[in-house]
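Heads up, the thing below is written out as structure tokens.
Just so it is clear, none of the values below were taken in a lab; they were calculated from the coordinates. Computed from a predicted model, the values in this text were never measured in an experiment. Cβ sites come from the backbone with ideal geometry, for glycine too, and all protein chains shown count toward neighbours.
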Amino acid sequence: MSVWENILGKKDQAIGEVAGTEGGIIEIFVYPEHFSKIRVGSILIIDSENQKPMGLVLKLAHSSRYGTFTPMKMTRTEISNAYPDIERYHLFVSTIAYTSYLDDANIVRHGRAGPPKLHDLVYLIKSSDFDALLSFFRPNNKWDFTFLGYFFAEGATKWEFRDFLLLYRDFFKRFENEKDNILQTLIRAISRAKPELLSALLEEISEILGW
Amino acid sequence: MKVLGKVVSGSVDSGVKIILENSENIENYPLGSLVTINGINHKYLGIITDAGLSSTDKTAYEIINPNTSPRIKENLLKVCSDLLRTQWVEIALIAQASNDGTEPMSADTMPSFASALVETNVEEISAFFGKENERNLWSLGQPKTPKTLLVEVPIDVEKLANLSFGIFGKSGTGKTFLGNLLAGYITLYDLIARGDKPYRLLIFDMHSEYALELKDNLGRPIADGVAKIFSNYYVRYTLDPELAEKRNLRLFKINLSQLTPDDIRLIGPIFGVSETFLTLLGEYRKLIDELFGLGKYWLWILLMDEETEERFSRSPEGQEIIERLLEFIQERKGLQSVTSIARLRRSFEKAVKEKLGFSALQSFISQAPKLRKILSYPVTITEDHVGEIVNYLTEKDGAHVTISLGKYEKELPLYMLVANLIARRLRDMINKKILEKGEPDTKIIIFLEEAHNFLGRTTYRLSPFGDIAREMRKRGVILCVIDQRPSELDSDVISMLWTNFVFSLTEKSDIEAALMGAPQVKLFKKLIPLLRNREVLVYGEAIKFPIVISVKDYSEAAQRFIQIIKQHNKKIEERKKMFREAGLL
């Protein structure tokens, strides 16, 4: 079983479903029980019919489903005990920047295929899933960070980029012997995507990766 | 052909901007270098007049950002060298040649967008500038190019020697080397390819580097000067008696009887003489003539006080001058009993008071001693070296002439007196010849160092060189104006120069003056202060297109001069022998 079949083959592992899409932005309705697993910068994959859209989380939102809010003055445990189904009345939304897709040959392409459909199931690529991350960051055995272009184009700033780096720091640190190659590819991608942020982003890389 | 860059913007007048390929190193494009641009219909030749590097500030800042690790900076440089900087050069277009092979001409079109900058080659430079033929075209030196090319650019000596030209540059940049080189070429051109009239060079040789040897910055001799190499064709004078004796040069003495009040007016300010005194000079002279009939000897009487007379009588030459002067005086009616010039001078003082007034006397008493230094120069009362020189220059079978100052090289007034004396007599002689024969027999080129002393804004109208510059070109007399302060020259003089050689200059006003007739002045003036020693911008009549040249090593040229002159003499001997054998000699 391939790494992708492994992720997409378990319906119960889906963390949400597509709630809307517009341009390069996809809104995901996140199932409440998975909301805490998602972070800004997380990579999500959508199980659409053909190519599978992928993207990086830009925003996470949590609000009342019906637009009203009543203060309770309780701890989280107290609330869970008093109202076990409270999350049914809450809305958990994740906004992702559509940056990539998985093609028919199960190879990650950084670019956009067709839009997903409403209710397509969404899966999280865990920051510990080494093989899946490797396929994403190094498709065809070559480091490729061009997805950052789409990430920035859809509104990511140095702070979202920082979150992204923090999330995958341990993954990248496993490639100490390839750091020059990673850095050069990263710098090239940033220079093309967001040259005005180059200075700030390089500072983040220096600090977080320590290279 | 390797493309080094592409035309991206600019104009014929303001220069063409070229973005260099990223593989090129901007350091290999020095200002003043010759480059080629391949347009669609034309091949262009241009000179680099500026070069630069631009980058986005933020990216550039990243290289020194202390918050970014050295490793990232290193990788940033590797990755973003294209993005970090744009390398550009600015080119002044100087010439263009159609692809259909027509004669190259001055550039009046702009290369089309994205035309390629390519390496210039020997064939192209020769096609644009011609090749040395050792007749009218003689090598001036190598053009400045991004990569050294073994090609020499010639100057057309025939054109050079027919119209006044200028050599400008700071001290020590190579003016005298170039002066000797050009003088050598003109001498050879005259020998090998003389036209209807012989050329005669008159070189005022302030530092004795034309008549004797050229020296390096430490004063060590490097090569023989042009007049020494061609000593059979030059008569070499010097004002320095020791040098004359030691180096077998002819001694030149100033005949004070030949000086006019105008000559003294020109040098008066150097001695700090008052304007009033200088204005009265004509009156003093007139009075000396009226009183004693000795107008010709006016300056002797004006300057010779008891002390000077006493000093003169202590040396045999001085004694002879006093005796001859007294002879002339005693020949005059009523002056037979005069035994002292200084005493005669006292009678003159009385007459000044009576005829010209007390203030004229005061002026005479206070100012005349300031001019007494003239009597410490090599002077004569009988010899006429000026006449000799003028004859050498104007007679068909004459010779070129150098006048070296020797130990007097820093004596500007002496230099001015001699130069003005000769120039005036030369002007008079040429005018006489024109009246007699319709035209002079020779063409004369005067090499004038520190020319602003004669052709400056104030001196231009007073000095005989001003007349020569204004009126004598059509009569075959031209000037080679050599100066380190071209801005001091009268603008009329600069506008009369048809070929200009501009070495490094730093003063803005000097650069502007030296480039007065140049095309695209705005562009060229940027590179003048950056020229290295021996590098010269040449533009004008005698060179096809403006170009920066590293002037030929004079020592090598001197060797070539010697070879050519030997070959020439050998040919003459062979011809003579042939004529003798044929009974024609």
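Applying the Karplus relation 6.51 cos²θ - 1.76 cosθ + 1.60 with θ = phi - 60° to the range B:227-241 yields 3J(HN,Hα) values of 6, 6, 5, 9, 4, 6, 10, 10, 9, 10, 9, 9, 8, 9, x Hz, where x marks Gly and Pro. Computed from the Cβ-Cβ distance with R0 of 30 Å, the FRET efficiency linking B:VAL521 to B:GLU103 stands at 0.70.
Candidate cross-link partners of B:LYS333 among the aspartates and glutamates, defined by an alpha-carbon separation under 19 Å and a same-chain spacing of 8 or more, comprise B:ASP289, B:GLU290, B:GLU323.
Pairs of alpha carbons in the protein assembly as shown separated by more than 52 Å make up 45% of all such pairs. Both radii are taken from the alpha-carbon atoms of chain B; with Rh as the Kirkwood radius, Rg/Rh is 1.09.
In the range B:75-194, the inverse of the mean reciprocal separation of distinct Cα atoms equals 17.9 Å; this is its Kirkwood hydrodynamic radius.
For the pair A:HIS62 and B:THR506, label points projected 7 Å from Cα toward Cβ lie 7.3 nm apart. Label sites at B:SER126 and B:SER11, each approximated as a point 7 angstrom past Cα along Cα to Cβ, lie 3.8 nm apart. Sorting A:THR157, A:THR70 by the number of Cβ atoms found within 10 Å of their own Cβ, with the fewest placed first, yields A:THR70, A:THR157. The C-alpha atoms of chain B define a longest principal axis, and helix B:316-330 lies at about 60 degrees to it. Placing R0 at 25 angstrom, the Cβ-Cβ distance between B:ILE365 and B:THR458 gives a FRET efficiency of 0.40 after rounding to 0.05. Put a dot 7 Å past the Cα of A:ASP131, heading toward its Cβ, do the same for B:LYS286, and the two dots end up 12.1 nm apart. Structural descriptor for the range B:89-167: relative contact order 20 percent, calculated from alpha carbon pairs under 8 angstrom and at least 6 residues apart.
Let me have the 222 nm mean residue ellipticity of chain B computed from DSSP H runs of 4+ only, each contributing -39500 (n - 2.57), with the sum over all residues rounded to the nearest 500. Mean residue ellipticity, 222 nm, calculated: -12000 deg cm²/dmol. Here B:SER69, A:SER100, B:SER313 are placed in order of increasing Cβ neighbour count within 10 Å, fewest first, which gives B:SER313, B:SER69, A:SER100.
In angstrom, the C-alpha Rg and Dmax of the range B:437-476 are 11.5, 34.
Using only the C-alpha atoms, the convex hull of the range B:440-528 corresponds to 88 Å³ per residue. For the listed residue pairs B:LYS525/B:LYS552; A:LYS142/B:LYS6; B:LYS286/B:LYS353; B:LYS175/B:LYS474, the alpha carbons are over 25 angstrom apart in A:LYS142/B:LYS6; B:LYS175/B:LYS474.
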